[in-house]
Amino acid sequence: MKKRLTLEQTKALWGVIFCIPLMTGLIMLFILPLIQSFRFSLSSIELVEGGFDVVYQGFGHYTELFTSNADFPRALAEAVVNMVVNVPIIIFFSLFAAVLLNQKFRGRALARAIFFLPVILASSAIANIDVSSFVGALTSGSGSDESNALQSFELKKMLLESGISPVFVNYVTGAVDRIYEIISLSGVQILIFLAGLQSISPSLYEASKIEGATGYETFWKVTFPMLSPLILTNTVYSIIDSFTHNSINELISSTAFKLFDFGLSAAMAWVYFAVVAFILATSAWFISRKVFYYD
Amino acid sequence: MKRPAAYAEQFIIRYNPAERAKRWIWIVLRALLISGFCFIILFPLFLRLSVAFRSRVDIYDPTVLWIPRNFTLENVEKAIEAMQYVPATLNTFAISASTTLIQLVSCALAAYAFARLKFRGSGLLFGLVVFTIVVPPQTIMIPLYLTYRYFDLFGLIGLFTGKDSVNLIDTFWPFLISSGTAMGLKNGLYIYIFRQFFRGIPKEIEEAALVDGAGVIRTFYRIMLPNAVPAIVTVLLFSFVWQWNDSYYVSLFLSKVKVLSTGLMGMGVAIGGEPDPVYFSILMNTGVLLSMAPLIILYLFVQRYFVESVERTGLVG
C-alpha cells in the first residue's frame, strides 16, 4: 500500500515542483555561466567549428588589465566614481521629491504622473543619443544664445566666494547641472520612498504634534528614522541600476564582440564585479548600522 | 481702554501671522519646486515634439521657436523608413508582451514556493535568487551568449536530433527561455516582490481552502493569485516597460532581427548621407520620439496603477 504523505511533505513536494523552472534557469543560465566566466577569465578562448576551445592561461588577463591595458583602469575608475558621486545625490533627491509629492496639494496626481515619466523613458538606447547636438540644433536654428540656461555659473561663483570648500561646491553645482540626469535616474527610488511614506502610521505624527514638535523636528525624528530601511534598499537599487548604463559595460561588450577576446572581457567583468560587490557590501554595512527598525 | 500691546496680542492670537506667513511661503516654494522639476522632465519631450514636425526650411528661421511654420510629416516618414519602424515595433511588442506574461507565471510560482511551500534548501535557493540581482549582467554575458549560440540543454537536444547544438541567436528563443526559467531581465526582483506579497496574505485563507478540499495548485490560482492583484500589476507594468527599453540583452541576442532600441542605435548609419548635421540630429530625435510614442500612449492609460501599485505591493515594510 502506498504511504500517504503528510501535509508538510505534500507542500514541500509542490514547492520543489514550483521551483523546477527557476532551478533549471539558475543552473543553466546563472551558476554554470558564472563558473564558466571565471574559467574564461583564466584562459584564452578560440572559436573552432561547432564550439570553442578553452586553454588555461593563469592570471595573465588580470595582470594585463592593470599593467598594459590602456582603457580598462580609466573606464573602471570612471564607472566607480560616477556611481559614488551619483548614488548619494539620487538618494537625497528622491527622498526630497517623495516628501514633496506626499503632501496634499492641488494637481498632485498630475505632478506624480509627470515625475514617474522618466521611469518609462529611461532607456539606455535613448540616453546614448547625443542630446546636446540636438539642443544645439534648436538653439542655432532659433537664433538664441542662451543654451546654457540650465547651468549654474552664478551659484558656483557665490558659493566659492563665501568660502565653501571647492570640492563640495563642485559636487553641488555638478548635481544642479545634471539635474535632468538625476531626475531620470531616480524614478523608481521616488516610488519606493513614497510607498514608505504612506506606510508610516499617522499616530506617530499625531503623537509628535501633541508633544509640540515642529515640522522640521517631525521630519528628522519621525519620518527620517522610519524611512531609513528604505534608504538602504534604495542605495542598493541605485548601485545595481548603474550596471547597465556606464562606460565599462560598453568596454566589456566591445572587447568580447569586436575584438573577440573573450578571456580578457571575462576578466574585466570579474574585476568590475569584485569592485561593485565591495562597494555594495561597505555601503550596506555603513547604512545598516544607522538604520532604525520599528518592530 | 486697553493698551496697544494687548490689541497686538489679540491680533496675533486671532490671525497668527507668523504661522500663516510660514505656511504660505512653503506653499509658494513647493509650487515653484514642483513646477520646476516638472518643467525639467517635460522640456526635452516638448522640444522633440516641436522639432519632429518641423520642415527643413524652418530650421534656420530664427522666428520659429516652438510651433513650426511649415508643418511637415517628412521627418517622421524618413525616420520610420530608416529605423524600419513597423517591423521593429512589432518585434519589440512581441518580445515584451510574451516575456512579461511568461515571467509573471514563472516568478509567481517560484515566489509562492518561497513564501509558503518551504522545502529543504529553499532558503539557500532564495539566497541565490537575491544573489542574481546583485551580480552585474556583464559578468555572465559571454557564457550566456555561448549558451544560446551552442544551445544543447544539458545534451538533450543532441540526443534527439543528432546535431551537437542549435544556434538560438537571432531568434526569440533566448528571451522566451530566460523568462520561462525566471532568469530574464530583473526577474530576481519580481520574485522578491511576489514573495513579500504572498507572505502578507493571511495563512487562514489558505487553511480554509485546504479544509474545503483544494489542492496546492487550486489554492494557488483560486486563492493566492486573485489576492495578489497589486503585485501582479506592478510586475506586469515594470517588466513590460523594462523589457521594452532594454538594449543590453536585445543587442546581445539579436543582431539581424530589428527591435526598437537596436534600430535606434543603428539609425545613424541607416540615414547615411545626410549632409546637414542639424537636420540629421532632427531625424535622430524624431526616431527617439517614435520609439517612445507607444510607451507614452500606454502610460496615459495606466499611470494611475504605476503610482498606486508600488504603494500596495508590500515591497516596503
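The values are calculated or read from the model by the stated rules, or taken from the named source; none is laboratory data. A quick note: this is a predicted structure, and the numbers were derived from the prediction, not measured. Neighbour counts are summed over all protein chains in view; Cβ atoms, including those assigned to glycine, are modelled from backbone coordinates with ideal geometry.
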Check your understanding: Looking only at residues in the range B:34-73 that are farther than 30 Å from A:L185 by Cα, in a helix (DSSP H, G or I) and of a type in the set (A, V, I, L, M), which one is nearest to the chain's Cα centre (by Cα)?
Key -> B:I59
Review point. Of the residues in the range B:127-146, how many are outside any helix (DSSP H, G or I) and out of contact with any helix residue (DSSP H, G or I) (no Cβ under 8 Å at 6 or more places or on another chain)?
Key: 0
**Study point:** The one condition in (1) under 30 Å from A:S186 (Cα atoms); (2) at pLDDT 80 or above; (3) surrounded by fewer than 15 Cβ atoms within 10 Å (Cβ to Cβ); (4) under 33 Å from the mean Cα position of the chain (by Cα) that B:W26 fails to fulfil
**Key:** (4)
Point to revise | the range B:281-293 residues that are farther than 10 Å from B:Y85 by Cβ, paired with ones that are of a type in the set (S, T, N, Q) (beta carbon under 8 Å, 6 or more apart) | key: B:S281/A:S133; B:I282/B:N75; B:L283/B:N75; B:T286/B:N75; B:M292/A:S123
Review point. Only one residue in A:A267, A:A277 is hydrophobic (A, V, I, L, M, F, W, C) and at the interface with chain B (Cβ under 10 Å from one of its Cβ atoms). Which one?
Key: A:A277
Point to revise | Qualifying residue in the range B:206-220 (condition: small (G, A, S), touching a helix residue (DSSP H, G or I) at 6+ places or on another chain (Cβ under 9 Å) and in contact (Cβ under 8 Å) with a residue 24 or more places away in the chain) | key: no
Revision key, fill the gap. Of the residues in the range B:50-79, those that are aliphatic (A, V, I, L, M) and surrounded by 14 or more Cβ atoms within 10 Å (Cβ to Cβ) come to B:V51, B:A52, B:I59, B:V64, B:V76, B:A79
Review point. If you take just the helices (runs of 4 or more DSSP H) that sit entirely in the range A:163-259, which of them hold at least 2 residues that are under 24 Å from B:K186 (Cα atoms)?
Key: A:179-185, A:187-199, A:224-241, A:247-257
Exercise for review: Please specify each residue of the range B:204-219 satisfying the condition of being within 12 Å of chain A (Cβ to nearest Cβ) and either touching a Lys or Arg at 6+ places or on another chain (Cβ under 9 Å) or crowded, with 19+ Cβ neighbours inside 10 Å (or both).
Suggested key: B:E206, B:V216, B:T219
Review point. If B:L124 passes every condition in (1) within 9 Å of another protein chain (Cβ to nearest Cβ); (2) out of contact with any helix residue (DSSP H, G or I) (no Cβ under 9 Å at 6 or more places or on another chain); (3) modelled with pLDDT of 90 or more but one, which one does it miss?
Key: (1)
Check your understanding: Out of curiosity, is B:Q103 in contact with a helix residue (DSSP H, G or I) (Cβ under 7 Å, 6 or more places away or on another chain), among the polar types (S, T, N, Q) and on the phi > 0 side of the Ramachandran plot?
Key -> no
Review point. Applying the selection to the range B:214-248, what residues are at pLDDT 85 or above and closer than 17 Å to B:P174 by Cβ?
Key: B:S239, B:W242, B:Q243, B:W244
Exercise for review: Test B:V288 against the criterion of being at pLDDT below 85, farther than 28 Å from A:F257 by Cβ and facing another protein chain (nearest Cβ under 7 Å), and give yes or no.
Suggested key: no
Exercise for review: Consider only pairs whose beta carbons are under 8 Å apart and that are at least six residues apart or on different chains; among these, list those whose first residue lies in the range B:228-253 and is more than 11 Å from chain A (Cβ to nearest Cβ) and within 20 Å of B:I297 (Cβ to Cβ) and whose second residue is assigned to a helix (DSSP H, G or I) and at pLDDT below 85.
Suggested key: B:V233/B:Y305; B:V233/B:S309
**Study point:** Some residue of the range B:266-275 being surrounded by 19 or more Cβ atoms within 10 Å (Cβ to Cβ) and modelled with pLDDT under 85
**Key:** yes
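One line per residue, one yes/no per condition, for (1) farther than 30 Å from B:R116 by Cα; (2) among the charged types (D, E, K, R); (3) assigned to a helix (DSSP H, G or I); (4) at pLDDT 80 or above:
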site: A:L34; (1), (2), (3), (4): no, no, yes, yes
site: A:S37; (1), (2), (3), (4): yes, no, yes, yes
site: A:S44; (1), (2), (3), (4): yes, no, no, no
site: A:E78; (1), (2), (3), (4): yes, yes, yes, yes
site: A:F96; (1), (2), (3), (4): yes, no, yes, yes
site: A:L101; (1), (2), (3), (4): yes, no, yes, yes
Check your understanding: B:C107 fails exactly one of the following numbered conditions: (1) more than 7 Å from every other protein chain (Cβ to nearest Cβ); (2) surrounded by 24 or more Cβ atoms within 10 Å (Cβ to Cβ); (3) over 23 Å from the mean Cα position of the chain (by Cα). What is the number of that condition?
Key -> (3)
Check your understanding: Looking only at the range B:265-305, which residues are closer than 30 Å to A:L191 by Cα and more than 18 Å from the chain's Cα centre (by Cα)?
Key -> B:M265, B:N285, B:T286, B:G287
Exercise for review: Pairs only if they're at least six apart or on different chains, beta carbon under 6 angstrom, first in the range A:8-33 and more than 17 Å from B:F131 (Cα to Cα) and of a type in the set (G, A, S), second modelled with pLDDT of 90 or more and crowded, with 21+ Cβ neighbours inside 10 Å; list them, first residue then second.
Suggested key: A:G15/B:A113
Review point. What number of residues in the range B:241-257 are farther than 21 Å from A:A195 by Cα, buried (at least 21 other Cβ atoms within 10 Å of the Cβ) and either touching a strand residue (DSSP E or B) at 6+ places or on another chain (Cβ under 8 Å) or not hydroxyl-bearing (S, T, Y) (or both)?
Key: 6
Revision key, fill the gap. Filter the range B:226-240 for residues that are over 19 Å from B:G184 (Cβ atoms) and in contact with a Phe, Trp or Tyr (Cβ under 9 Å, 6 or more places away or on another chain); the one that is surrounded by the fewest Cβ atoms within 10 Å (Cβ to Cβ) is B:N227
Revision key, fill the gap. Checked the range A:91-116 for anything touching a residue at least 24 places away in the same chain (Cβ under 8 Å), of a type in the set (A, V, I, L, M) and within 14 Å of chain B (Cβ to nearest Cβ); matches are A:L95, A:A97, A:A98, A:V99, A:L101
